[in-house]
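The values are calculated or read from the model by the stated rules, or taken from the named source; none is laboratory data. Model, not experiment: these values are computed from the prediction. Heads up, the Cβs are rebuilt from the backbone with ideal geometry, glycines too, and the neighbour counts pull from every protein chain shown. When the accessible area is computed, the model is the full protein with side chains, heavy atoms only, and any ligands, DNA or RNA have been set aside. Shrake-Rupley method; radii C 1.70, N 1.55, O 1.52, S 1.80 Å.
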Amino acid sequence: MKTENIIKLQQQMNYKNTFTVSTKIIAILGVFALFSCGEQMAIKKVDASTIKVTGELKAELTSPPFVPASVGDRSAKKLIVAMEILEQEGEMTDGVKYVYWTFGGSVPGSFIRTRVGDEVEFTLKNHPDNKLPHNIDLHAVTGAGGGASSSFVAPGHEVTFSFKTLNPGLYVYHCATAPVGMHIANGMYGLILVEPAGGLPKVDKEYYIMQGDFYTKGKNGEVGLQPFDMQKAIDEKADYVVFNGKVGALTGDNAITAKVGETVRLYVGNGGPNLVSSFHVIGEIFDRVNVEGGSLVNENVQTTLIPAGGAAIVEFKVDVPGTFIIVDHSIFRAFNKGALGMLKVEGEENKTLYSGKQTEGIYNPEGATIQSMPGKEVKVVTATNLKERIALGKIVYGQTCFACHQGEGQGIAGAFPPLANSDYLNADVDRAIKIVLEGKTGEMTVNGKKYNSVMTAQTLTDEEVANVLTYVYSTWGNNKTEVTPMRVLKVKSMH
Ligand SMILES: [Cu+2]
(Lines give C-alpha, C1' and ligand atoms only; values in the text may rest on other atoms or scores of the structure.)
Protein backbone atom coordinates (compact mmCIF):
# COMPACT_ATOMS: atom_id res chain seq x y z
CA MET A 1 0.00 0.00 0.00
CA LYS A 2 1.23 3.48 -0.78
CA THR A 3 2.00 5.88 2.04
CA GLU A 4 -0.73 8.34 1.00
CA ASN A 5 -3.18 5.52 1.31
CA ILE A 6 -1.96 4.52 4.74
CA ILE A 7 -2.37 8.10 5.89
CA LYS A 8 -5.85 8.20 4.39
CA LEU A 9 -6.73 4.96 6.12
CA GLN A 10 -5.54 6.39 9.44
CA GLN A 11 -7.61 9.49 8.88
CA GLN A 12 -10.62 7.31 8.25
CA MET A 13 -9.96 5.41 11.45
CA ASN A 14 -9.71 8.65 13.45
CA TYR A 15 -12.92 9.66 11.85
CA LYS A 16 -14.49 6.45 13.13
CA ASN A 17 -13.37 7.27 16.69
CA THR A 18 -15.19 10.57 16.64
CA PHE A 19 -18.12 8.98 14.95
CA THR A 20 -20.25 8.32 18.03
CA VAL A 21 -20.08 11.98 19.06
CA SER A 22 -20.97 13.22 15.66
CA THR A 23 -23.79 10.72 15.19
CA LYS A 24 -25.82 12.72 17.67
CA ILE A 25 -25.24 15.88 15.73
CA ILE A 26 -26.02 14.10 12.49
CA ALA A 27 -29.22 12.74 14.03
CA ILE A 28 -30.32 16.26 14.87
CA LEU A 29 -29.34 17.58 11.48
CA GLY A 30 -31.05 14.59 9.90
CA VAL A 31 -34.44 15.81 11.01
CA PHE A 32 -33.88 19.00 9.04
CA ALA A 33 -32.36 17.10 6.15
CA LEU A 34 -35.50 14.99 5.89
CA PHE A 35 -37.50 18.08 5.09
CA SER A 36 -35.00 19.71 2.81
CA CYS A 37 -33.55 16.67 1.03
CA GLY A 38 -35.82 16.62 -2.00
CA GLU A 39 -35.35 20.33 -2.35
CA GLN A 40 -31.55 20.05 -2.17
CA MET A 41 -31.44 17.52 -5.00
CA ALA A 42 -33.56 19.89 -7.03
CA ILE A 43 -31.27 22.81 -6.16
CA LYS A 44 -28.22 20.87 -7.33
CA LYS A 45 -29.76 20.38 -10.76
CA VAL A 46 -31.01 23.94 -10.94
CA ASP A 47 -27.44 25.02 -10.22
CA ALA A 48 -25.98 23.14 -13.17
CA SER A 49 -28.83 24.17 -15.40
CA THR A 50 -28.21 27.87 -14.70
CA ILE A 51 -24.54 27.68 -15.66
CA LYS A 52 -24.13 30.14 -18.53
CA VAL A 53 -22.27 28.99 -21.61
CA THR A 54 -19.67 31.24 -23.20
CA GLY A 55 -18.65 30.56 -26.77
CA GLU A 56 -18.67 27.50 -28.97
CA LEU A 57 -16.31 24.54 -29.26
CA LYS A 58 -16.07 21.63 -31.68
CA ALA A 59 -15.72 18.47 -29.63
CA GLU A 60 -12.66 16.31 -30.17
CA LEU A 61 -13.80 12.70 -30.55
CA THR A 62 -11.40 9.76 -30.13
CA SER A 63 -11.42 6.05 -30.88
CA PRO A 64 -10.59 3.62 -28.08
CA PRO A 65 -8.30 3.19 -26.18
CA PHE A 66 -7.69 6.94 -26.38
CA VAL A 67 -9.59 9.83 -24.82
CA PRO A 68 -9.77 13.52 -25.77
CA ALA A 69 -7.83 16.13 -23.79
CA SER A 70 -9.18 17.07 -20.39
CA VAL A 71 -11.61 20.02 -20.16
CA GLY A 72 -9.22 21.64 -17.69
CA ASP A 73 -10.54 24.92 -16.37
CA ARG A 74 -12.44 25.96 -19.48
CA SER A 75 -15.86 27.53 -19.01
CA ALA A 76 -19.07 25.76 -20.00
CA LYS A 77 -19.59 26.07 -23.74
CA LYS A 78 -21.85 25.16 -26.58
CA LEU A 79 -20.14 21.91 -27.55
CA ILE A 80 -20.63 20.71 -31.12
CA VAL A 81 -20.58 16.93 -31.48
CA ALA A 82 -20.87 15.31 -34.90
CA MET A 83 -21.05 11.54 -34.89
CA GLU A 84 -21.31 9.27 -37.90
CA ILE A 85 -22.86 5.82 -37.79
CA LEU A 86 -21.06 3.22 -39.90
CA GLU A 87 -22.07 -0.40 -40.45
CA GLN A 88 -18.84 -2.14 -41.35
CA GLU A 89 -17.18 -5.52 -41.45
CA GLY A 90 -14.40 -6.11 -38.94
CA GLU A 91 -12.42 -8.96 -37.45
CA MET A 92 -13.56 -10.46 -34.13
CA THR A 93 -10.50 -12.68 -33.97
CA ASP A 94 -8.21 -14.36 -36.48
CA GLY A 95 -10.30 -15.52 -39.41
CA VAL A 96 -13.60 -14.59 -37.78
CA LYS A 97 -15.38 -11.70 -39.48
CA TYR A 98 -18.30 -9.80 -38.02
CA VAL A 99 -20.43 -6.91 -39.27
CA TYR A 100 -20.23 -4.26 -36.57
CA TRP A 101 -22.64 -1.36 -36.28
CA THR A 102 -20.64 1.55 -34.91
CA PHE A 103 -20.78 5.08 -33.61
CA GLY A 104 -17.84 6.70 -35.38
CA GLY A 105 -16.30 3.57 -36.91
CA SER A 106 -15.05 1.89 -33.73
CA VAL A 107 -16.36 -0.40 -31.00
CA PRO A 108 -16.90 1.12 -28.53
CA GLY A 109 -17.89 4.33 -30.30
CA SER A 110 -16.00 7.63 -30.14
CA PHE A 111 -15.30 8.98 -26.66
CA ILE A 112 -17.07 12.26 -25.92
CA ARG A 113 -15.64 14.57 -23.25
CA THR A 114 -17.73 17.41 -21.81
CA ARG A 115 -18.00 19.42 -18.61
CA VAL A 116 -20.94 20.20 -16.40
CA GLY A 117 -23.09 22.97 -17.84
CA ASP A 118 -22.06 22.42 -21.47
CA GLU A 119 -24.85 22.69 -24.01
CA VAL A 120 -24.14 19.82 -26.34
CA GLU A 121 -25.40 20.22 -29.89
CA PHE A 122 -25.42 16.65 -31.12
CA THR A 123 -25.63 15.76 -34.80
CA LEU A 124 -26.09 12.10 -35.64
CA LYS A 125 -25.39 11.13 -39.24
CA ASN A 126 -26.46 7.78 -40.69
CA HIS A 127 -24.13 6.95 -43.61
CA PRO A 128 -25.96 6.39 -46.93
CA ASP A 129 -24.33 2.94 -47.34
CA ASN A 130 -25.87 1.74 -44.08
CA LYS A 131 -28.87 -0.57 -44.18
CA LEU A 132 -30.77 0.39 -41.04
CA PRO A 133 -32.12 3.33 -39.11
CA HIS A 134 -30.48 4.04 -35.73
CA ASN A 135 -30.62 6.54 -32.88
CA ILE A 136 -28.75 7.35 -29.68
CA ASP A 137 -29.67 7.20 -26.00
CA LEU A 138 -27.04 9.00 -23.92
CA HIS A 139 -27.24 8.24 -20.21
CA ALA A 140 -25.81 11.73 -19.60
CA VAL A 141 -29.00 13.29 -20.96
CA THR A 142 -31.81 14.39 -18.68
CA GLY A 143 -34.84 14.00 -20.92
CA ALA A 144 -37.17 11.30 -22.22
CA GLY A 145 -35.32 8.46 -23.92
CA GLY A 146 -31.95 10.13 -23.30
CA GLY A 147 -32.19 11.60 -26.79
CA ALA A 148 -33.42 8.45 -28.50
CA SER A 149 -36.74 9.81 -29.73
CA SER A 150 -35.15 12.99 -31.08
CA SER A 151 -32.32 11.24 -32.85
CA PHE A 152 -33.96 8.45 -34.85
CA VAL A 153 -32.32 8.68 -38.25
CA ALA A 154 -32.62 6.72 -41.52
CA PRO A 155 -29.61 5.87 -43.75
CA GLY A 156 -28.52 8.92 -45.73
CA HIS A 157 -30.00 11.35 -43.20
CA GLU A 158 -28.76 13.36 -40.24
CA VAL A 159 -30.54 14.80 -37.19
CA THR A 160 -29.55 17.38 -34.60
CA PHE A 161 -30.73 17.77 -31.02
CA SER A 162 -29.18 19.41 -27.99
CA PHE A 163 -28.96 18.84 -24.26
CA LYS A 164 -27.33 20.40 -21.23
CA THR A 165 -25.04 18.27 -19.06
CA LEU A 166 -26.35 18.53 -15.51
CA ASN A 167 -24.59 15.73 -13.58
CA PRO A 168 -20.85 15.05 -13.59
CA GLY A 169 -19.92 11.42 -14.19
CA LEU A 170 -19.01 8.79 -16.74
CA TYR A 171 -21.99 7.68 -18.81
CA VAL A 172 -22.77 5.04 -21.39
CA TYR A 173 -24.45 5.90 -24.67
CA HIS A 174 -26.00 3.32 -26.98
CA CYS A 175 -28.37 2.84 -29.85
CA ALA A 176 -31.95 2.28 -28.77
CA THR A 177 -33.55 1.28 -32.06
CA ALA A 178 -35.61 -1.90 -32.04
CA PRO A 179 -34.57 -4.61 -31.60
CA VAL A 180 -32.49 -2.67 -29.06
CA GLY A 181 -30.57 -5.72 -27.87
CA MET A 182 -29.43 -6.48 -31.38
CA HIS A 183 -28.17 -2.94 -32.04
CA ILE A 184 -26.19 -3.02 -28.80
CA ALA A 185 -24.93 -6.55 -29.42
CA ASN A 186 -23.53 -5.39 -32.77
CA GLY A 187 -21.37 -2.79 -31.05
CA MET A 188 -23.51 0.34 -30.79
CA TYR A 189 -22.29 1.74 -27.49
CA GLY A 190 -19.67 4.11 -26.13
CA LEU A 191 -18.86 6.51 -23.28
CA ILE A 192 -19.50 10.18 -22.63
CA LEU A 193 -17.65 11.84 -19.76
CA VAL A 194 -19.07 14.86 -17.97
CA GLU A 195 -16.26 16.44 -15.96
CA PRO A 196 -16.95 18.65 -12.96
CA ALA A 197 -16.14 22.38 -13.23
CA GLY A 198 -12.33 22.66 -13.24
CA GLY A 199 -11.93 19.15 -14.62
CA LEU A 200 -10.86 15.91 -12.97
CA PRO A 201 -7.51 15.88 -11.14
CA LYS A 202 -4.54 15.53 -13.50
CA VAL A 203 -3.10 12.06 -14.06
CA ASP A 204 -0.27 10.85 -16.31
CA LYS A 205 -2.16 8.41 -18.52
CA GLU A 206 -5.81 8.02 -19.42
CA TYR A 207 -7.39 5.21 -21.45
CA TYR A 208 -10.81 4.13 -22.68
CA ILE A 209 -11.86 0.50 -22.30
CA MET A 210 -15.30 -0.96 -22.84
CA GLN A 211 -16.46 -4.52 -22.49
CA GLY A 212 -19.08 -6.15 -24.68
CA ASP A 213 -20.53 -9.63 -25.25
CA PHE A 214 -21.06 -11.02 -28.76
CA TYR A 215 -23.26 -13.79 -30.12
CA THR A 216 -22.34 -15.54 -33.35
CA LYS A 217 -23.97 -18.33 -35.38
CA GLY A 218 -20.77 -20.37 -35.23
CA LYS A 219 -19.17 -21.14 -31.92
CA ASN A 220 -16.08 -19.32 -30.59
CA GLY A 221 -13.26 -19.52 -33.12
CA GLU A 222 -15.35 -20.81 -36.02
CA VAL A 223 -13.90 -18.97 -39.02
CA GLY A 224 -15.68 -17.01 -41.72
CA LEU A 225 -18.20 -14.20 -41.65
CA GLN A 226 -20.32 -14.86 -38.58
CA PRO A 227 -23.87 -13.49 -38.43
CA PHE A 228 -25.45 -12.35 -35.18
CA ASP A 229 -27.36 -15.13 -33.36
CA MET A 230 -30.56 -13.81 -31.79
CA GLN A 231 -31.35 -17.01 -29.89
CA LYS A 232 -27.93 -17.16 -28.20
CA ALA A 233 -28.32 -13.48 -27.28
CA ILE A 234 -31.70 -14.17 -25.70
CA ASP A 235 -30.22 -17.15 -23.86
CA GLU A 236 -27.26 -14.95 -22.80
CA LYS A 237 -24.80 -17.52 -24.13
CA ALA A 238 -21.99 -15.32 -25.36
CA ASP A 239 -19.43 -16.72 -27.81
CA TYR A 240 -17.12 -13.74 -27.30
CA VAL A 241 -16.69 -11.41 -24.35
CA VAL A 242 -14.16 -8.76 -25.30
CA PHE A 243 -12.65 -5.40 -24.50
CA ASN A 244 -12.87 -2.78 -27.25
CA GLY A 245 -14.83 -4.82 -29.75
CA LYS A 246 -12.55 -7.72 -30.58
CA VAL A 247 -10.23 -10.35 -29.20
CA GLY A 248 -6.76 -8.87 -28.74
CA ALA A 249 -7.78 -5.20 -29.07
CA LEU A 250 -5.60 -4.50 -26.03
CA THR A 251 -2.92 -7.20 -26.18
CA GLY A 252 0.57 -7.42 -27.66
CA ASP A 253 1.35 -4.34 -29.72
CA ASN A 254 -2.10 -2.94 -28.91
CA ALA A 255 -1.47 -3.01 -25.14
CA ILE A 256 -1.91 0.21 -23.23
CA THR A 257 1.30 1.49 -21.65
CA ALA A 258 2.65 3.44 -18.69
CA LYS A 259 5.94 4.07 -16.93
CA VAL A 260 6.79 3.18 -13.34
CA GLY A 261 5.69 6.01 -11.06
CA GLU A 262 2.90 7.23 -13.31
CA THR A 263 -0.73 7.52 -12.36
CA VAL A 264 -3.18 5.79 -14.68
CA ARG A 265 -6.88 6.49 -15.06
CA LEU A 266 -9.09 4.06 -16.93
CA TYR A 267 -12.53 5.02 -18.15
CA VAL A 268 -14.19 1.63 -18.18
CA GLY A 269 -17.62 0.96 -19.56
CA ASN A 270 -19.73 -2.09 -20.19
CA GLY A 271 -21.97 -2.09 -23.24
CA GLY A 272 -23.35 -5.54 -22.50
CA PRO A 273 -25.91 -6.23 -23.91
CA ASN A 274 -26.19 -8.94 -21.24
CA LEU A 275 -23.19 -9.59 -19.06
CA VAL A 276 -21.96 -7.75 -15.99
CA SER A 277 -18.20 -7.25 -15.77
CA SER A 278 -15.99 -8.05 -12.77
CA PHE A 279 -13.27 -5.68 -13.88
CA HIS A 280 -9.81 -6.51 -12.55
CA VAL A 281 -6.17 -5.80 -13.35
CA ILE A 282 -3.95 -8.71 -12.31
CA GLY A 283 -1.16 -7.46 -10.04
CA GLU A 284 -2.63 -4.01 -9.42
CA ILE A 285 -4.89 -2.51 -6.77
CA PHE A 286 -7.15 0.36 -7.76
CA ASP A 287 -6.23 3.28 -5.49
CA ARG A 288 -9.53 4.99 -6.32
CA VAL A 289 -12.70 3.92 -8.06
CA ASN A 290 -15.57 6.22 -8.97
CA VAL A 291 -18.13 3.53 -8.36
CA GLU A 292 -20.62 3.14 -11.24
CA GLY A 293 -19.06 6.22 -12.85
CA GLY A 294 -20.65 8.48 -10.25
CA SER A 295 -19.36 10.60 -7.37
CA LEU A 296 -18.97 7.83 -4.79
CA VAL A 297 -15.25 7.07 -4.44
CA ASN A 298 -14.06 3.75 -3.11
CA GLU A 299 -10.40 3.19 -2.32
CA ASN A 300 -8.09 0.18 -2.42
CA VAL A 301 -10.29 -1.95 -4.64
CA GLN A 302 -9.29 -5.29 -6.19
CA THR A 303 -12.22 -5.88 -8.55
CA THR A 304 -14.98 -3.46 -9.44
CA LEU A 305 -18.35 -4.47 -10.77
CA ILE A 306 -19.44 -2.74 -13.94
CA PRO A 307 -23.07 -3.31 -14.81
CA ALA A 308 -24.29 -3.65 -18.38
CA GLY A 309 -25.08 -0.10 -19.42
CA GLY A 310 -22.79 1.25 -16.68
CA ALA A 311 -19.26 2.48 -16.15
CA ALA A 312 -16.52 3.12 -13.60
CA ILE A 313 -13.47 5.35 -13.41
CA VAL A 314 -10.51 3.51 -11.92
CA GLU A 315 -7.21 5.08 -10.93
CA PHE A 316 -3.96 3.64 -9.74
CA LYS A 317 -0.28 4.43 -9.58
CA VAL A 318 2.00 1.89 -11.24
CA ASP A 319 4.85 1.07 -8.89
CA VAL A 320 6.61 -1.82 -10.59
CA PRO A 321 7.34 -2.78 -14.20
CA GLY A 322 5.73 -5.71 -15.97
CA THR A 323 2.78 -6.77 -18.06
CA PHE A 324 -0.43 -6.36 -16.11
CA ILE A 325 -3.28 -8.42 -17.47
CA ILE A 326 -6.68 -6.74 -17.62
CA VAL A 327 -9.58 -9.17 -17.25
CA ASP A 328 -13.21 -9.72 -16.53
CA HIS A 329 -12.61 -11.87 -13.44
CA SER A 330 -15.47 -14.12 -14.50
CA ILE A 331 -12.34 -15.82 -15.62
CA PHE A 332 -13.43 -18.21 -18.36
CA ARG A 333 -14.47 -15.11 -20.26
CA ALA A 334 -10.89 -13.85 -20.04
CA PHE A 335 -9.04 -16.98 -21.11
CA ASN A 336 -11.64 -18.57 -23.36
CA LYS A 337 -13.83 -15.79 -24.74
CA GLY A 338 -11.45 -12.88 -25.21
CA ALA A 339 -11.96 -10.54 -22.23
CA LEU A 340 -8.24 -10.03 -21.77
CA GLY A 341 -6.11 -6.92 -22.24
CA MET A 342 -2.66 -5.76 -21.21
CA LEU A 343 -1.10 -2.80 -19.53
CA LYS A 344 2.64 -2.78 -20.17
CA VAL A 345 4.64 -0.88 -17.58
CA GLU A 346 8.28 -0.01 -18.17
CA GLY A 347 10.78 1.19 -15.63
CA GLU A 348 12.99 0.26 -12.72
CA GLU A 349 12.21 -2.80 -10.67
CA ASN A 350 11.55 -2.35 -6.99
CA LYS A 351 12.49 -5.56 -5.23
CA THR A 352 11.06 -4.31 -1.93
CA LEU A 353 7.58 -3.97 -3.42
CA TYR A 354 7.82 -7.16 -5.42
CA SER A 355 10.73 -9.56 -5.30
CA GLY A 356 9.91 -11.95 -8.09
CA LYS A 357 10.51 -15.61 -7.27
CA GLN A 358 13.21 -15.80 -4.59
CA THR A 359 13.62 -19.49 -3.97
CA GLU A 360 12.02 -22.65 -5.15
CA GLY A 361 12.46 -26.13 -3.84
CA ILE A 362 10.55 -29.34 -3.64
CA TYR A 363 8.03 -29.33 -0.83
CA ASN A 364 8.05 -32.65 0.89
CA PRO A 365 5.69 -32.90 3.89
CA GLU A 366 7.21 -36.27 4.87
CA GLY A 367 10.79 -35.04 5.00
CA ALA A 368 12.26 -32.54 7.37
CA THR A 369 12.50 -29.43 5.23
CA ILE A 370 12.54 -28.22 1.68
CA GLN A 371 14.86 -30.37 -0.36
CA SER A 372 16.63 -29.64 -3.56
CA MET A 373 15.28 -32.70 -5.38
CA PRO A 374 12.32 -35.05 -5.31
CA GLY A 375 12.74 -38.76 -4.69
CA LYS A 376 14.67 -40.34 -1.88
CA GLU A 377 18.27 -40.82 -2.84
CA VAL A 378 18.77 -38.22 -5.52
CA LYS A 379 20.59 -35.17 -4.25
CA VAL A 380 22.08 -33.60 -7.34
CA VAL A 381 19.97 -31.58 -9.77
CA THR A 382 22.36 -31.98 -12.66
CA ALA A 383 21.52 -34.64 -15.19
CA THR A 384 24.47 -36.76 -16.26
CA ASN A 385 22.85 -38.42 -19.25
CA LEU A 386 19.90 -38.06 -21.62
CA LYS A 387 17.69 -40.46 -19.68
CA GLU A 388 18.13 -38.50 -16.47
CA ARG A 389 17.55 -35.23 -18.28
CA ILE A 390 14.25 -36.51 -19.65
CA ALA A 391 13.19 -37.82 -16.23
CA LEU A 392 14.02 -34.52 -14.53
CA GLY A 393 12.34 -32.58 -17.32
CA LYS A 394 9.16 -34.55 -16.88
CA ILE A 395 8.98 -33.35 -13.28
CA VAL A 396 9.38 -29.71 -14.33
CA TYR A 397 6.72 -30.21 -16.98
CA GLY A 398 4.27 -31.56 -14.40
CA GLN A 399 4.93 -28.58 -12.14
CA THR A 400 4.68 -25.71 -14.60
CA CYS A 401 3.93 -26.29 -18.28
CA PHE A 402 1.21 -28.84 -17.73
CA ALA A 403 -1.29 -26.30 -16.37
CA CYS A 404 -1.57 -24.67 -19.78
CA HIS A 405 -0.18 -27.10 -22.35
CA GLN A 406 -2.03 -30.03 -20.71
CA GLY A 407 -0.92 -33.49 -19.60
CA GLU A 408 -0.25 -34.93 -23.04
CA GLY A 409 1.03 -31.67 -24.52
CA GLN A 410 -2.19 -31.42 -26.49
CA GLY A 411 -2.90 -27.79 -25.48
CA ILE A 412 -6.36 -26.20 -25.48
CA ALA A 413 -7.86 -25.09 -28.78
CA GLY A 414 -7.82 -21.33 -29.19
CA ALA A 415 -5.95 -20.71 -25.94
CA PHE A 416 -2.80 -22.79 -25.47
CA PRO A 417 -0.90 -24.22 -28.45
CA PRO A 418 0.04 -27.90 -28.44
CA LEU A 419 3.56 -29.03 -27.64
CA ALA A 420 2.75 -32.51 -28.93
CA ASN A 421 3.82 -32.89 -32.56
CA SER A 422 4.31 -29.12 -32.74
CA ASP A 423 5.76 -27.94 -36.05
CA TYR A 424 6.55 -24.62 -34.36
CA LEU A 425 8.54 -26.32 -31.59
CA ASN A 426 10.42 -28.63 -33.94
CA ALA A 427 11.35 -25.89 -36.38
CA ASP A 428 13.56 -23.86 -34.05
CA VAL A 429 15.15 -25.01 -30.78
CA ASP A 430 16.68 -21.67 -29.81
CA ARG A 431 13.32 -19.98 -30.32
CA ALA A 432 11.68 -22.52 -28.00
CA ILE A 433 14.38 -21.90 -25.37
CA LYS A 434 13.79 -18.17 -25.66
CA ILE A 435 10.04 -18.62 -25.19
CA VAL A 436 10.52 -20.61 -21.99
CA LEU A 437 13.05 -18.06 -20.69
CA GLU A 438 11.22 -14.88 -21.61
CA GLY A 439 7.61 -15.82 -22.19
CA LYS A 440 5.75 -15.03 -25.39
CA THR A 441 2.92 -12.83 -26.59
CA GLY A 442 1.68 -12.07 -30.05
CA GLU A 443 0.45 -14.13 -32.91
CA MET A 444 1.91 -17.52 -33.76
CA THR A 445 0.79 -20.41 -35.92
CA VAL A 446 1.17 -23.93 -34.56
CA ASN A 447 0.15 -26.85 -36.75
CA GLY A 448 -1.89 -24.55 -38.98
CA LYS A 449 -3.88 -22.95 -36.12
CA LYS A 450 -3.36 -19.38 -35.01
CA TYR A 451 -2.78 -18.45 -31.38
CA ASN A 452 -2.56 -14.97 -29.94
CA SER A 453 -2.29 -15.27 -26.22
CA VAL A 454 0.13 -14.86 -23.35
CA MET A 455 2.73 -17.22 -22.02
CA THR A 456 4.39 -15.70 -18.99
CA ALA A 457 8.16 -16.09 -18.51
CA GLN A 458 8.93 -19.26 -16.56
CA THR A 459 11.25 -18.79 -13.60
CA LEU A 460 13.48 -21.81 -14.10
CA THR A 461 17.20 -22.48 -13.87
CA ASP A 462 19.13 -23.12 -17.09
CA GLU A 463 19.29 -26.77 -16.13
CA GLU A 464 15.51 -26.93 -15.67
CA VAL A 465 14.86 -25.21 -18.99
CA ALA A 466 17.19 -27.69 -20.68
CA ASN A 467 15.56 -30.64 -18.97
CA VAL A 468 11.95 -29.69 -19.60
CA LEU A 469 12.55 -28.93 -23.27
CA THR A 470 14.49 -32.17 -23.69
CA TYR A 471 11.53 -33.99 -22.17
CA VAL A 472 9.08 -32.22 -24.48
CA TYR A 473 11.27 -32.86 -27.54
CA SER A 474 11.64 -36.52 -26.61
CA THR A 475 7.93 -37.23 -26.29
CA TRP A 476 4.66 -36.88 -28.23
CA GLY A 477 6.15 -37.32 -31.68
CA ASN A 478 8.62 -34.42 -31.47
CA ASN A 479 12.11 -34.47 -33.03
CA LYS A 480 14.13 -35.77 -30.05
CA THR A 481 16.51 -32.81 -29.68
CA GLU A 482 18.53 -32.86 -26.49
CA VAL A 483 18.73 -29.35 -25.05
CA THR A 484 21.76 -28.80 -22.82
CA PRO A 485 22.18 -26.11 -20.13
CA MET A 486 25.08 -24.78 -22.25
CA ARG A 487 22.71 -24.17 -25.13
CA VAL A 488 20.26 -22.37 -22.82
CA LEU A 489 23.11 -20.19 -21.59
CA LYS A 490 24.08 -19.43 -25.19
CA VAL A 491 20.54 -18.29 -26.05
CA LYS A 492 20.48 -16.17 -22.91
CA SER A 493 23.74 -14.47 -23.80
CA MET A 494 22.46 -13.63 -27.27
CA HIS A 495 20.62 -10.59 -25.90
CU1 LIG B 1 -28.67 1.12 -34.07
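Summary of values
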read-out	value
Using θ = phi - 60° and Karplus 6.51 cos²θ - 1.76 cosθ + 1.60, couplings along segment 156-173 (whole Hz; Gly, Pro as x)	x, 10, 9, 10, 10, 8, 9, 8, 9, 7, 9, 10, x, x, 10, 10, 7, 10
Fully extended contour minus Cα-Cα distance, from residue 427 to residue 481, at 0.36 nm per residue	18.3 nm
Rounded accessible area of residue 280 (nearest 10 Å², 1.4 Å probe)	30 Å²
Long-range amide H partners of residue 210 with built H, under 5 Å	244, 269
Helical contribution to [θ] at 222 nm, DSSP H n ≥ 4, -39,500 (n - 2.57), averaged over the chain, rounded to 500	-7000 deg cm²/dmol
Cβ-derived FRET efficiency at R0 56 Å, residue 300 paired with residue 447, nearest 0.05	0.80
Using θ = phi - 60° and Karplus 6.51 cos²θ - 1.76 cosθ + 1.60, couplings along segment 334-345 (whole Hz; Gly, Pro as x)	6, 8, 10, 10, x, 6, 9, x, 9, 10, 9, 10
Long-range HN-HN contacts of residue 187 with modeled amide H, under 5 Å	101
Local electrostatic count, residue 247, Cβ distance below 12 Å [Lys/Arg +1, Asp/Glu -1]	0
Amide H contacts under 5 Å for residue 162, placed H, 5+ residues apart	122
FRET efficiency, 1/(1 + (r/R0)^6) with R0 60 Å, evaluated for residue 160 and residue 408 via beta carbons	0.45
Residue order for 444, 210 - accessible surface, 1.4 angstrom probe, largest first	444, 210
Under the Karplus curve 6.51 cos²θ - 1.76 cosθ + 1.60, θ = phi - 60°, whole-Hz ³J(HN,Hα) for segment 468-475, x wherever Gly or Pro sits	5, 5, 4, 4, 4, 5, 8, 10
List 74, 487, ordered by accessible area with a 1.4 Å probe, largest first	487, 74
Residue-normalised accessible area of segment 47-144, expressed per residue, 1.4 Å probe, Å²	41 Å²
The chain, accessible surface, carbon-and-sulfur percent (1.4 angstrom probe)	58 percent
Nearest-10 value in Å² for the accessible area of residue 73, using the 1.4 Å probe	140 Å²
Neighbourhood charge, 13 Å Cβ-Cβ cut-off, centred on residue 289 and excluding it, Lys, Arg +1 and Asp, Glu -1	-3
Inter-centroid distance (Cα atoms) of segment 443-495 relative to segment 84-122, Å	42 Å
